[in-house]
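One structure is given below, encoded as structure tokens.
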Amino acid sequence: MTGKTAPPAKKPAPAAAKKKAAPAPKEEAAPKEGAAPKEGAAPKEEAAPAAAEAPAPEQPPAPTDESAPVPTEAGAEATPAPAEGSPAPPAEPPAPAPEPKLEKPKEEPPSCPLSLSVEEVSENSFTLTWKAPEQTGRAGLDGYVVEICKDGSSDWKAVNQEPFLSTRYTIPNLSSGDKIHVRVVAVSASGASVPATLEQPVLIREILQLPKIRMPRHLRETYIRRVGDAVNIMIPFQGKPQPEVSWTKGGQPLDTNRINIRNTTRDTIFYIRQAQRGDSGKYELTVRINGAEDKATLDIQVVEPPGPPQNLKLVDVWGFNVALEWTPPADNGNCEIKGYRVQKSDKKSGKWFTVLERCTRTSCTISDLIIGNTYSFRVFSENICGLSDSAAVASGVAYIEKTKTTYQPEKIPQRDMMEPPKFTQPLTDRTTTRGYSTHLFCSVRGFPQPKIIWLKNQMEIREDPKYIALIDQGVCSLEIRKPGPFDGGVYTCKAVNPLGEASVDCRLDVK
């Protein structure tokens, strides 16, 4: 064979000839028929035309590694590509496996569900709760699968046919007395998680619960309704097995013609279609299981507006004032009287105007009446329902007469205004910083106006530009401009007038 037959052997090789998926070594292909001789043996001349006649499929260019083998048709021999100028060895048969593809790394399945626990157990079911796993993967969870297995068996059965996303599940239709093992698996597109398993099996039995009334907060105080309103109250309770519920009023059974009671497994409903004042009182609720019981009291008060006050009297009239008195109403509307509303009406206009609201006493004084007018008065009583339907009207009227008065000017006694100096606000000790101006203040009074003298260490401060002394409306001030250590000492303010003198002092420290 000559060097001209080499070019056909350099045709593009399929992707299977890449380094990562190279065919088996030549030693493994040697036993096959028509296998090429080992390296160093003379190749047969007939093999070169066979390699040249084999059609090469269109593939991307092979790597530049010349030692890679070139596959041919099935059953044909394949040889490594010879270097230029050397005879081509016989071809070797291709690998029978299909062309491998690079697989994407698989996503990890979700992690195990967390905090698996039993929330409630009944005589034929129990309820589980758990938390979502920390890792759910890119695709997210498809849901959860709950599996159970009876104690002593290894046969796990799925309770739900399809995954669900809730983290709470009730397993029904169980037999009382059974011990059930439970586990929960998180499922996603990448697979199932490690199951979360309860450490101990669940015993299917009814959990006894002592009776307990859950009285709502707003019913722990007096429950107030108006006459004619509906009373609809729901009071929850708990207890297992189903407790016995009973209502009484004053130790006697309720009147079922007026009061309707409806009980469920978890609450009792107290209903009155139209409340009357006779429905007021304390109702006792009892929840009982065998010998154990719990009691609660419901206090209902049905109210209505009160009656008018009684015995309204016009007690006295003087100057611009009128005094009224009355007594409480005979009917308070089944609740406390909050106060009284007092109104007046003058004869000219005939309109009523409110003078006092929520007057808590049974008497009052009305002032600032107009001279020459005649007034009538009435009083309403008030409770939590509002004002009484009618008012008590005073039998008499009040006429405000004009009174004759003689003006007498007030005699103002003469007063001696002379007063010696007196300091009303003394000086206070001060500490200042070197180079920062400071002020000293005090207050003095006296008549005639006293003369103010400032002294430093018992020496009078005269016209020194370092000090500025002022007095305004009895307030004396001394400004010390940019003091130094020499300016510290005792400062005295002296006030002098013909009737005497007074002085105050303070210490100034400069740091």
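The values are calculated or read from the model by the stated rules, or taken from the named source; none is laboratory data. None of the values given here were measured: they were computed from a predicted structure. In this analysis, Cβ positions are derived from the backbone assuming ideal geometry, glycine residues included, and neighbour counts consider all displayed protein chains. For the accessible areas, the whole protein counts, side chains as well, though only heavy atoms, and no ligand, DNA or RNA atoms are used. Shrake-Rupley method; radii C 1.70, N 1.55, O 1.52, S 1.80 Å.
What is the extension gain from ARG138 to ALA469, computed as 0.36 nm multiplied by their sequence separation minus the C-alpha to C-alpha distance, in nm to one decimal? Intermediate results must be reported in sequence, preceding the final value.
Working: separation 331, 0.36 × 331 = 119.16 nm, distance 8.53 nm.
Going from the current span to full extension adds 110.6 nm.
Give me the one-decimal nm value for the distance between modelled label points at SER153 and THR197, 7 Å along each residue's Cα-to-Cβ direction.
Going by the 7 Å Cα→Cβ label model, 1.7 nm.
Starting from the amide H of LEU116, placed 1.01 Å from N in the peptide plane, find each other amide H under 5 Å away whose residue is 5 or more places distant or on another chain.
Hits under the 5 Å cutoff: LYS131.
Any idea what the alpha-carbon Rg over 2.2 N^0.38 Å comes to for the stretch 209-303? Kindly include the intermediate steps, with their values, before the conclusion.
On the way: Rg = 13.2 Å, N = 95, 2.2 N^0.38 = 12.4 Å.
With N residues counted in the stretch 209-303, Rg over 2.2 N^0.38 Å equals 1.06.
Could you give the length gained by full extension between MET234 and GLU410, i.e. 0.36 nm per residue of separation minus their alpha carbon distance, to one decimal place?
55.8 nm
First measure r as the distance between the Cβ atoms of GLU162 and THR354, then evaluate 1/(1 + (r/R0)^6) with R0 = 51 Å and state the FRET efficiency to the nearest 0.05.
For R0 = 51 Å, the calculated efficiency reads 0.10.
Could you work out the Kirkwood radius for the stretch 419-510, taking every pair of different alpha carbons, averaging 1/r and inverting it, reported in Å? It would help to have the intermediate numbers written out before the result.
Working: mean 1/r = 0.0752 Å⁻¹.
In the stretch 419-510 this quantity evaluates to 13.3 Å.
Run the dipole for the stretch 209-303 about the Cα centre, Lys and Arg Cβ at +1, Asp and Glu Cβ at -1, nothing else charged, and hand back the magnitude in debye, nearest 20.
Around 180 debye, computed over the stretch 209-303.
At a 10 angstrom cut-off on C-beta neighbours, averaged per residue, how do the peptides 144-151, 504-511, 376-383 rank from highest to lowest?
376-383, 144-151, 504-511
Please report the net charge: other residues with Cβ closer than 10 Å to the Cβ of ALA189, K and R +1, D and E -1.
Around ALA189, the surrounding residues sum to -1.
Given Cβ point charges of +1 (Lys, Arg) and -1 (Asp, Glu) and nothing else, what value in debye, to the nearest 20, does the dipole of the stretch 419-510 about its Cα centre take?
Details: 12 positive and 11 negative charges, 28 e Å.
About 140 debye.
Along the Cα-to-Cβ line of LYS313, 7 Å from the Cα, sits a label point; which residues in the stretch 400-432 have backbone N less than 14 Å from it?
The answer is none.
Give me the number: length gained by fully extending ASN373 to TRP247, i.e. 0.36 nm times residue separation minus the C-alpha to C-alpha distance, one decimal in nm.
Value of the extension gain: 39.1 nm.
If you take every residue apart from GLU357 with its C-beta less than 11 Å away from the C-beta of GLU357, what net charge results, scoring Lys and Arg +1 and Asp and Glu -1?
Neighbour charge sum, excluding GLU357 itself: +2.
Which of MET417, VAL496, TYR399 sits farthest toward the positive end of the charge dipole of the stretch 371-511, with +1 on the Cβ of Lys and Arg and -1 on the Cβ of Asp and Glu?
Farthest along the dipole direction, towards plus: VAL496.
If you add up the charges near PRO306, with Lys and Arg at +1 and Asp and Glu at -1, over every other residue whose beta carbon is less than 10 angstrom from its beta carbon, what do you get?
Residues near PRO306 contribute -4 overall.
I'd like the carbon and sulfur percentage of the solvent accessible area for the stretch 280-390, probe radius 1.4 Å, heavy atoms only, ligands and nucleic acids excluded.
With neighbouring chains kept in place, the figure for the stretch 280-390 is 44 percent.
Expressed as a fraction of 2.2 N^0.38 Å, the rule-of-thumb size for a compact globular protein of N residues, what is the C-alpha radius of gyration of the stretch 322-463?
2.26
What Kirkwood hydrodynamic radius do you get for the stretch 313-400 when you take the inverse of the mean 1/r over all pairs of distinct Cα atoms, in Å?
Numbers: mean 1/r = 0.0745 Å⁻¹.
Mean inverse Cα-Cα distance, inverted, gives 13.4 Å.
Taking R0 as 51 Å, what's the FRET efficiency between LEU208 and LYS338 from their Cβ-Cβ distance, rounded to 0.05?
0.55
Please give the FRET efficiency for LYS451 paired with ASP509, using the beta carbon to beta carbon distance and R0 = 30 Å, rounded to the nearest 0.05.
About 0.60, to the nearest 0.05.
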